[in-house]
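Step one of this worksheet: look at the structure below.
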Amino acid sequence: MVIKVVRGNPTPEELAAALAVVRARAAAAATEPSGAPAPRDSWSDPSRIAAHRLPAPGPTSWSRSHWPG
């Protein structure tokens, strides 16, 4: 890993603090499982919609054909 200061003149303490943050972020990214999908919110879960019974077809069924709120 190469880090270059392009502007300013940091003190050794400031440079050490910046490097500590970068290394901590890199270590955290390396420990996260990359193949696991992100958890979904429950409001977007399709099983929530499918759990409800569909309305019976009839002359007014078009008015009930929206997603339940």
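Brief remarks follow.
- Among the residues listed as Ser34, Ser42, Ser47, the single one being under 31 Å from the mean Cα position of the chain (by Cα) and at pLDDT below 70: Ser34
- Subset of region 1-19 (residues that are modelled with pLDDT of 90 or more, part of a loop (DSSP other than H, G, I, E, B) and surrounded by 10 or more Cβ atoms within 10 Å (Cβ to Cβ)): Pro10
The values are calculated or read from the model by the stated rules, or taken from the named source; none is laboratory data. Values in this document were obtained by computation on a predicted structure and should not be read as measured data. Because the Cβ atoms are built from the backbone with ideal geometry, glycine has one as well, and the counts that use them run over all protein chains shown.
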